[in-house]
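Notes for the one structure printed next.
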Amino acid sequence: MATNESSGSVVRRILLGSQLRRLREARGITREAAGYSIRASESKISRMELGRVSFKARDVEDLLTLYGVGDPAEREALLGLAREANVAGWWHSYSDVLPGWFQTYVGLEGAASEISIYEVQFVHGLLQTEGYAHAVVVRGQPGADAAETERRVSLRMERQKLLFSERAPRFHAVLDEAALHRPYGDETVMRNQLQHLIDISEQPNVTLQVMPFAHGGHAGESGAFTLLRFPESDLVDLVYLEQLTSALYLDKAEDVAQYARVMERLHADSLSPERTRDHISALLQRL
């Protein structure tokens, strides 16, 4: 299955959940009452409306009846959306090493038309070489055996195909200079990683900038974050904040706007793409 098709299932879950929420609120029905109608909890309705779980056709049918949706064409359109939303993504085959909370992000990443990131600790996953990714995984998962480590690295390499796909998103990355100096792996690994950054920055859909030490304090003081934008008009922009054992998805307009302003300032204050390549080349020569 093509990446955009399987990723689209995540988008459809979110769209269907959003429509179900609007229908429920229009009828003045509480989540608790909606949950009771499908023999589920209030929290299950919340997860459905956020697009965090798959949809059973019977549950959707019962909710549509509760919400007063009787038109056959409207019901079938929403039920069709539910069927499409349950298509398994390619990443499901990595469920043994992929946390449930990260599966949603991988789907959203694959469906986005624009991805803007700010990274501090290390080179972003979509820009890592295999050797560098291996070193990052070993450092982050010291208890993993060789097979699990290779599975995690393989997943990261699979995600990177997105940048070279037919419907590749626009990818704008700002890396704090610290990420370029902090060693992961030996000197050869770091040299290959720096050269890879130079090479991939030449991709027409990739913009790479470095926030240099020389700038001092800057707008990204709150840490790493990702801003996702989608081609679907019904899907709002999202900010993704990864934590140690979970993640936050911010979709309130005022929150997203604040992060978007920070990203704009990072773009303005970082080295230009051309100067970034020169800067990385200079670091590479010193290794």
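The values are calculated or read from the model by the stated rules, or taken from the named source; none is laboratory data. The shown structure was predicted, so the numbers you read here are calculated from the model rather than taken from an experiment. Please note: Cβ atoms are built from the backbone with ideal geometry, for glycine as well, and neighbour counts cover all protein chains shown. Areas reflect the complete protein model, heavy atoms only, side chains present, ligands, DNA and RNA absent. Shrake-Rupley method; radii C 1.70, N 1.55, O 1.52, S 1.80 Å.
Condition check: touching a residue at least 24 places away in the same chain (Cβ under 8 Å) and either of a type outside the set (Val, Ile, Thr) or touching a helix residue (DSSP H, G or I) at 6+ places or on another chain (Cβ under 7 Å) (or both). Does Ala40 satisfy that? Judged against the criteria, Ala40 is not a match. What about Ser270, is it loosely packed, with under 12 Cβ neighbours inside 10 Å, within 21 Å of Gln121 (Cα to Cα) and in contact (Cβ under 8 Å) with a residue 60 or more places away in the chain? So Ser270 fails the test.
Does Ser222 meet the test of being within 14 Å of Ile280 (Cβ to Cβ) and surrounded by fewer than 21 Cβ atoms within 10 Å (Cβ to Cβ)? No, not satisfied.
Among the residues of region 156-177, those identified as over 15 Å from Tyr132 (Cβ atoms) and of a type in the set (A, V, I, L, M) are Leu162, Leu163, Ala168, Val174. The number of residues in region 225-243 that are of a type in the set (Val, Ile, Thr) and open to solvent by less than 50 Å² (accessible area, probe 1.4 Å) comes to 2. For region 55-97, a tally of residues being open to solvent by 50 Å² or more (accessible area, probe 1.4 Å), outside any loop (DSSP other than H, G, I, E, B) and touching a residue at least 60 places away in the same chain (Cβ under 8 Å) returns 2.
Could you please let me know if Ala34 is open to solvent by less than 50 Å² (accessible area, probe 1.4 Å), closer than 30 Å to Asp186 by Cβ and not in a loop (DSSP other than H, G, I, E, B)?
no
Listed by first and then second residue, the pairs linking a residue in region 243-256 that is at pLDDT 85 or above to a residue that is open to solvent by less than 80 Å² (accessible area, probe 1.4 Å) and of a type in the set (Asp, Glu), with Cβ atoms under 7 Å apart and 6 or more places separating them unless they lie on different chains, are Val256/Asp237. What tally of residues in region 176-194 results from selecting those that are part of a helix (DSSP H, G or I) and under 28 Å from Met263 (Cβ atoms)? Adding up the residues that qualify gives 8. Scanning region 103-125 for residues that are in a helix (DSSP H, G or I), open to solvent by 10 Å² or more (accessible area, probe 1.4 Å), closer than 19 Å to Gln243 by Cα and in contact (Cβ under 8 Å) with a residue 40 or more places away in the chain yields a single hit, Thr104.
When Gln128 is tested against (1) open to solvent by 10 Å² or more (accessible area, probe 1.4 Å); (2) within 29 Å of Ile198 (Cβ to Cβ); (3) touching a helix residue (DSSP H, G or I) at 6+ places or on another chain (Cβ under 7 Å), exactly one condition is not met: (1). Is one or more of the residues making up region 11-20 without any contact (Cβ under 8 Å) to a residue 24 or more places away in the chain, of a type in the set (Lys, Arg) and either open to solvent by less than 60 Å² (accessible area, probe 1.4 Å) or over 11 Å from Ala82 (Cα atoms) (or both)? No: zero hits.
Is it true that Gly100 is without any contact (Cβ under 8 Å) to a residue 60 or more places away in the chain, closer than 30 Å to Asp145 by Cα and loosely packed, with under 13 Cβ neighbours inside 10 Å? In short, yes.
Could you please find all residues in region 141-170 being of a type in the set (Gly, Ala, Ser), within 19 Å of the chain's Cα centre (by Cα) and either part of a helix (DSSP H, G or I) or crowded, with 21+ Cβ neighbours inside 10 Å (or both)?
Within region 141-170, just Ser154 meets the criteria.
The sole residue among Ala173, Ala219, Ala214 that is more than 21 Å from the chain's Cα centre (by Cα) and not in a helix (DSSP H, G or I) is Ala219.
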